[in-house]
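Notes follow the structure.
Nothing in this text is a laboratory measurement; each read-out follows from the coordinates by a stated rule. The structure presented is a predicted model; accordingly, all values stated were derived computationally and were not measured. In this analysis, Cβ positions are derived from the backbone assuming ideal geometry, glycine residues included, and neighbour counts consider all displayed protein chains.
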Ligand code: HEC
Ligand code: HEC
Ligand code: HEC
Ligand code: HEC
Ligand code: HEC
């Protein structure tokens, strides 16, 4: 009774007296599910599911599986933000979020609702940003804003990649494409994000990254975020130089290379001054401010007698947006203006000064400076929504800060 054809449903409608509302909605679900399965199969004919690649590219698959990219339409925060987006005026463009979070929607615009339903289910069967979604990109058009990927021709069986000297295989053709060693491949999703008005350069996620020392010395996004290693590219093939697909970012060792803290403390009688120099080592903005709540926080804590905190203060690096009604908004898709921009620019040195009363009744005190990615912020109903969507509730990782660097100094007080 689960996979009913439409005639089957009509027959039952004729004797609807015995069909309860619950059973009826269950039958409808069954029908929608059957339709979705058909559409999904059509989509996966063009963009094969990553499981298909796993068979021969086990190493790559396992790395990718641990990366945030493999969960691009899975997080409770994404579902909550997608809901808010669909309820907003901009939400008419149903495919918008998926253009980067599950970019095959570009070739299946009329199936946008399927992508929404899958994401909302919390356990999507379709891929987000997976193997085919990158390896079928033939070209990125940087004259468009945001830059656009070209999947050409739709249904192509050629997979593009970095190798000229690839081993051949029976599942697909391979072709070397220089694009795979260039930042351009990443820019169509990582350079700009939606906003209700064209915010141009003021909403550029990366900033003047192409003027940074790192990029001028020849580094591409892949150099740092897909570091080279030695291993098998396909199961059983000879070891060679391969690219790490865990996409280190907030998670992973790369984080330790994000910034340096230099702390100087001056005790002058009753008054103490701490100067923290935050040196960003990142060749692009830190943080990249999408979603709009993404921010990095510098926390200063002073611990005096018995290690009790006697002073603490924060500096926040991020962006503050205004919506069309002139109010602050937590969502970039509602933004018509950037109210405040404190992100650390590429390789910027930011100097922060803190002043406070010198701790009393102690011979020394601790100065602790911590730089971290901040947890999600926003109006209470939005935060509650994320909590409700998450199987971990208020323990969802999005509510936890992620430490980048910390420095602790013990300062003597010379009376
Ligand atoms: C089709 C769009 C798309 C392309 C192309 C793309 N990304 Fe991403 N990337 C995303 C999305 C979406 C996420 C966020 C996933 C999540 O957390 O939900 C992400 C996350 C990341 C992260 C993790 C960031 C963090 O906060 O830890 C890194 C690193 C990254 N991408 C690097 C790259 C690099 C390098 C390239 C080019 C080789 C690239 N991406 C190409 C869409 C894309
Ligand atoms: C132009 C590409 C692009 C578009 C369009 C886009 N995103 Fe993203 N999104 C990204 C990238 C890239 C990241 C990863 C950013 C990072 O980690 O620095 C991301 C990260 C996120 C995250 C945090 C990671 C997670 O999965 O919880 C949320 C939430 C999110 N996006 C929601 C949305 C929503 C809702 C929309 C539609 C209104 C949207 N995005 C549209 C590219 C995009
Ligand atoms: C965000 C885009 C992106 C995603 C998602 C992605 N790749 Fe890649 N892949 C690349 C880029 C870029 C390179 C080349 C990196 C380099 O050489 O600097 C690459 C390299 C490769 C290579 C050759 C080098 C190696 O490490 O073996 C294979 C094979 C490969 N990818 C397969 C896959 C498979 C299979 C998946 C899914 C499990 C996948 N890729 C997901 C972008 C991506
Ligand atoms: C039947 C096994 C098999 C399957 C299935 C398979 N591949 Fe491959 N693939 C290979 C072999 C073998 C190579 C060559 C590796 C080498 O030269 O070291 C390769 C090479 C590649 C390359 C590198 C091409 C280049 O020129 O740089 C990419 C990218 C790639 N595969 C992606 C994928 C993706 C994406 C899928 C799933 C849609 C997939 N492969 C499915 C066996 C397979
Ligand atoms: C010289 C190395 C380097 C290069 C080149 C580089 N990055 Fe990063 N990136 C970093 C470091 C270090 C961080 C901070 C630590 C972290 O979160 O990974 C970072 C962070 C990120 C993040 C997560 C930060 C956030 O605020 O959510 C994303 C997404 C990202 N980079 C994308 C890119 C893209 C896209 C490119 C190419 C245009 C690129 N990066 C080029 C080093 C680099």
Worksheet entry | Percent breakdown of C-alpha pair distances by 20 Å bin, ordered from the shortest bin, for the chain | 22, 49, 23, 5, 0
Worksheet item: Between rounded, prolate and oblate, where does region 50-243 land on the alpha carbon gyration tensor, with a ≥ b ≥ c its root eigenvalues, rounded for a/c under 1.5, else prolate if a/b exceeds b/c?
Response: oblate
Worksheet item: Hey, what number do you get for the chain at 222 nm if only DSSP H runs of n ≥ 4 count, each worth -39500 (n - 2.57), divided across all residues, to the nearest 500?
Response: -7000 deg cm²/dmol
Worksheet item: Considering every Cα-Cα pair within region 294-336, what fraction, in whole percent, is farther apart than 14 Å?
Response: 62
Worksheet item: By how many degrees, 0 to 90 and rounded to 10, does the Cα axis of helix 21-46 deviate from the longest principal axis of the chain?
Response: 80
Worksheet item: Could you put 110, 36 in order, starting from the residue whose Cβ has the fewest other Cβ atoms within 10 Å?
Response: 110, 36
Fill in: Ratio of the Cα radius of gyration of region 215-289 to 2.2 N^0.38 Å, where N counts its residues
1.73
Worksheet entry | For peptides 241-250, 387-396, sequence by mean Cβ density within 10 Å, most packed first | 241-250, 387-396
Fill in: Whole-Å distance, taken between Cα centres, linking region 125-180 and region 308-323
42
Discussion item. No solvent, one uniform scatterer per C-alpha: report log10 I(q)/I(0) for region 189-334 via the Debye equation at q = 0.15, 0.16 1/Å, two decimals.
Written reply: -0.98, -1.04
Response to the item:
Note on region 170-245: alpha-carbon gyration tensor, axes a ≥ b ≥ c; rule is a/c under 1.5 for rounded, else prolate if a/b larger than b/c, else oblate; result prolate
Discussion item. Cut-off is 10 Å between beta-carbons; in what order do 371, 339 appear when sorted fewest neighbours first?
Written reply: 339, 371
Fill in: Residues 344, 159, 281 arranged by fewest to most Cβ contacts within 10 Å
281, 159, 344
Worksheet item: So if we plug the beta-carbon distance of residue 213 and residue 352 into 1/(1 + (r/R0)^6) with R0 = 30 Å, what FRET efficiency do we get, rounded to 0.05?
Response: 0.85
Practice prompt. On a 0 to 90° scale, report how tilted helix 76-86 is relative to the longest principal axis of the chain, with both axes built from alpha carbons and the result rounded to the nearest 10.
Written response: 70
Discussion item. Tell me the volume per residue, in Å³, of the convex hull enclosing the alpha carbons of region 257-412.
Written reply: 140
Discussion item. Under the rule a/c < 1.5 gives rounded, and otherwise a/b versus b/c splits prolate from oblate, where does region 325-402 land using the Cα gyration tensor?
Written reply: oblate
Practice prompt. May I ask you to derive the relative contact order of region 257-412, considering only C-alpha pairs under 8 Å and at least 6 residues apart, and to give it as an integer percent?
Written response: 28
Discussion item. Among DSSP bridges having both ends in the chain, what percentage is antiparallel? Round to the nearest 5.
Written reply: 95
Fill in: C-alpha center-to-center spacing [region 337-410, region 46-88] in angstrom
28
